[in-house]
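The values are calculated or read from the model by the stated rules, or taken from the named source; none is laboratory data. Since we're looking at a predicted model, the values are computed, not measured. We place every Cβ from the backbone using ideal geometry, glycine too, and count neighbours over all the protein chains shown. Heavy atoms of the whole protein, side chains included, go into the accessibility calculation; ligands, DNA and RNA do not. Shrake-Rupley method; radii C 1.70, N 1.55, O 1.52, S 1.80 Å.
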Amino acid sequence: MCGSVYLLCLSTIVFFFFFFLMIRRPPRSTLSSSSAASDVYKRQYQRRVRGICPSTMQVHREGQVESLERIAGQMSVGGRMRLRITQDAFDEAVKETMEDFEMEFDEALQETIDQFTTQGVDLNGLKMDNPETRAESGKALRNACCEVKESIGRIEAGAQVASEKAVLLGAFSKMEAELDDEEKRNEASSHGAVQAVSGVFVWCLSDTELLIQAMTILRNLFKVSLNREALSQASVNSIMAALAQHPEVRVAGLRTLGAACFRDEPNKNRIEAADSRYQTLNQILTDAEGGTARAACDLVKRLVTRDDTREMMDNCFNRSKALKNYGVLSSISMLLSKFREDMETMPIILACLANTCLQQDTIDVLVSNNLVEIAVDLLQTHMDLESVAENAIAMVAALAQSDKPKKVIGSGNGLCLILTCLDKYRSSRRLVLRAIKGLGHLTLRAQTTSSRLHEIGGIPLIVDVARGYSCVSKDPSKQAANAKIQSAFMLLIRNMVSHNKELIPVILEEDIEEQIRLESVHPDVNESAFSTLKELGCKVELREEWNGVHGDLFQQGDGEVSENMKGFLSEYRDTNAKNMIDQAGMSDQIDVN
C-alpha cells in the first residue's frame, strides 16, 4: 500500500515537472498582455526623465514627465489622439522583450514595434537600430543635454548664473556641433533637449548672451516636429518676458517663436496666450528697426497662415481679427511707410499684410492706412525686382477681395501693372499664380473691369501664359503646382464672362476650349473645367448616358414623368403635409385631402 502511494506521488511530481517545462515560454500570440511593450505602456505615467530638480516641474512639466506622452490638443489626421513614446522607453521595451522571451535583437525589435503599433503608439522619429551601437555615436549629444540639465539644476538650487555660464555655453557649443542633421535633431528630442534648453529662459533671464545662445539652439531643434511639440506654455511665456525686457534679444526671440509656429497650431495658440492683447508685439513694432521688423512680420504671417492639418480656418480668422482689434495691423502698416525703400524689409512686410487679409474688417484697416495706393506705387516703382513685384501683387490681390479697393485698382493703373508683371515674369510659377488670382478677384462681379481687361489686350496674354503651365506632365510635383494655376485661370474666365456674355466669342477665339478639355484630365481641375465649359456655352457630354430600364420610376429621353412617379410624388407630398399638421396640433382643424 505504501509503495503504491509512493509511486503515485512520484509520478505526480514528474508530471508537473515536465508540465512546467512545456509552458516555460508562451506562444507569440499571447504576448499582447504580458510583453515588455505592454509593461512599458502601463508604466507610461510613472517613468521620469531625470536631471532637473522636482520643483522646476511647475515651470517645465514636460522635462521629466511620462516617457509615453499624451500630447493634449495635438491630433493626427482624422482627429485621433496621438500617443508618443521616448527613445529610451522604446529601447528598454526591446531589451525586456529580448530577456523575457529569449529573442534575438531583430525578432524582439519587430515584436515591440507590433505591440506598440497595436496600442496606437506613434513611433515616427524613433530609431530602430541597436541601442548598444547607437550609444557611442550619440554620446556627445546626450552628455551635452545632461550638462545643461545639471547646470540649470545647480542654478535652481542657489548657484549664481555667472558661475554656471561657462558650463552652459560649452554645452550649447557641443549641442550645436552635433545637431547637424535631422536624425540628430530627432535623437535630441528623446534626451529632452528642448526642455533642458528652455530652463535658461526661467533661471537665466538676466543674461542676454545665454538667452540668445539658447534661442539659437531651439531654432535648430525646431526644424523637426518632435521638438516643436515639446515646447511648453511656460517656455513661451518666458521667451515673451525676455522679449519685453531685453531689446537686444528680440530678433533671436521672434525668429525662435516663428520657427516654433511652423506647421504647429498648438504653438500658435501658446504664443497668443503668452502675449495678452498682443501688448509685447505692439511694443516691439513701435520702435522696430530692420531686423526686428522682419522677424516680427514673419511671426505675424505665420500666426495667420493655415499650414497645419490640425488647424481650423476659423483659428486664422480669429487671430487676424485679434491683430486688427489690438492695433497690430495698424502698427505694421506704419512700418511699410517707414521701410518702403528698404528692399530687404519691405517685401516681408507686404507678404505679412497680404496674409492678414482674411476678412472685411482687416482689409478696411489696411485701406484706411492707404495700402492700396502704396501697394500699386511699389509695384510700379520696383517692378524690376521680382521679390517686390511678387509680394506687391499679393497685396493688391488681397485688397481686391473688397469692393471699394477693387474698383480703384481695376479702373486705375493697377490692372495694367499686374498684366505687365505677368508677361515679364511668366517663368515664375509663384508670381503667375498670384497674378492670375489677383485678376480673378478684380473681375469678380466687376463688369467694367472685365471689359477693360479685354480692351487693353489682356485676354490673349493670360491664355498664353496659362497654356505654359499645363497639368499634362510626367512630373507629379509640376502636375500639382500647375493644377493650382489652371484652377485660378478657369475661375478668372468664369468671372469675366458671367456678366459679360459678349466676351465669350473673344475668349473662344483663343482656342481655349481645347486647352480646358485637355487640362480637365487632372482631378483637381476637372470640376472647374466642367463649370468653365458650361459657362462658355461649350457642349459637355456625360461619360455615360442613362436611358432608364424597365421598372424604374423615371422615364428618361422624352422628358415625361411616369405615372408611377406621379403617384409617388403625390403620396410623398400628402404624407409630409399630414406630419406637419399633426406636429402643429391642428389635425382636427385641417383635412389634408
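Assigned to a helix (DSSP H, G or I) and more than 19 Å from Glu229 (Cβ to Cβ) - does that describe any residue in region 182-195? No - not one qualifying residue is present in region 182-195.
Only one entry of Ala244, Ala214, Ala196 meets the criterion of being open to solvent by 10 Å² or more (accessible area, probe 1.4 Å) and either at pLDDT 95 or above or hydrophobic (A, V, I, L, M, F, W, C) (or both), and that entry is Ala244. Of the helices (runs of 4 or more DSSP H) contained entirely in region 101-174, those carrying at least 3 residues that are under 19 Å from Glu187 (Cβ atoms) and in contact (Cβ under 8 Å) with a residue 40 or more places away in the chain fall at 139-157.
Quick check on region 108-154: of everything there that is open to solvent by 60 Å² or more (accessible area, probe 1.4 Å) and either closer than 18 Å to Glu182 by Cβ or touching a helix residue (DSSP H, G or I) at 6+ places or on another chain (Cβ under 7 Å) (or both), which residue is modelled with the highest pLDDT? Within region 108-154, the match that is modelled with the highest pLDDT is Arg154.
Whether any residue in region 393-410 is farther than 25 Å from Glu513 by Cβ, touching a Cys at 6+ places or on another chain (Cβ under 8 Å) and β-branched (Val, Ile, Thr) is what I want to check. Yes, there is a match, as at least one residue in region 393-410 is farther than 25 Å from Glu513 by Cβ, touching a Cys at 6+ places or on another chain (Cβ under 8 Å) and β-branched (Val, Ile, Thr). When region 458-487 is limited to residues that are small (Gly, Ala, Ser) and farther than 22 Å from Thr420 by Cα, the one that is surrounded by the most Cβ atoms within 10 Å (Cβ to Cβ) turns out to be Ala483. Taken over region 148-189, the criterion of being of a type in the set (S, T, N, Q) and more than 22 Å from Asp91 (Cα to Cα) is satisfied by Ser151, Gln160, Ser163, Ser173. Does Ile212 satisfy being β-branched (Val, Ile, Thr), touching a helix residue (DSSP H, G or I) at 6+ places or on another chain (Cβ under 9 Å) and over 29 Å from Asp307 (Cβ atoms)? No. Of all residues in region 506-518, those satisfying the criterion of being within 18 Å of Leu461 (Cβ to Cβ) and outside any loop (DSSP other than H, G, I, E, B) are Val506, Ile507, Leu508, Ile512, Gln515, Ile516.
Is it the case, given these coordinates, that Ser450 is without any contact (Cβ under 8 Å) to a residue 24 or more places away in the chain and either farther than 23 Å from Asn495 by Cβ or of a type in the set (S, T, N, Q) (or both)? Taking the combined requirement at face value, the residue does not satisfy it. The set of residues in region 466-482 being at pLDDT 85 or above, assigned to a helix (DSSP H, G or I) and not aliphatic (A, V, I, L, M) consists of Arg467, Lys478, Gln479, Asn482. If you check Ala295, Ala273, Ala259, Ala234 for being assigned to a helix (DSSP H, G or I), open to solvent by 30 Å² or more (accessible area, probe 1.4 Å) and in contact (Cβ under 8 Å) with a residue 40 or more places away in the chain, only one passes: Ala273. Which count do you get for residues in region 415-435 that are part of a helix (DSSP H, G or I) and surrounded by 16 or more Cβ atoms within 10 Å (Cβ to Cβ)? Of the residues in that region, 13 qualify.
Taken together, Asp361, Asp377 contain a single residue that is among the charged types (D, E, K, R) and at pLDDT below 90, which is Asp361.
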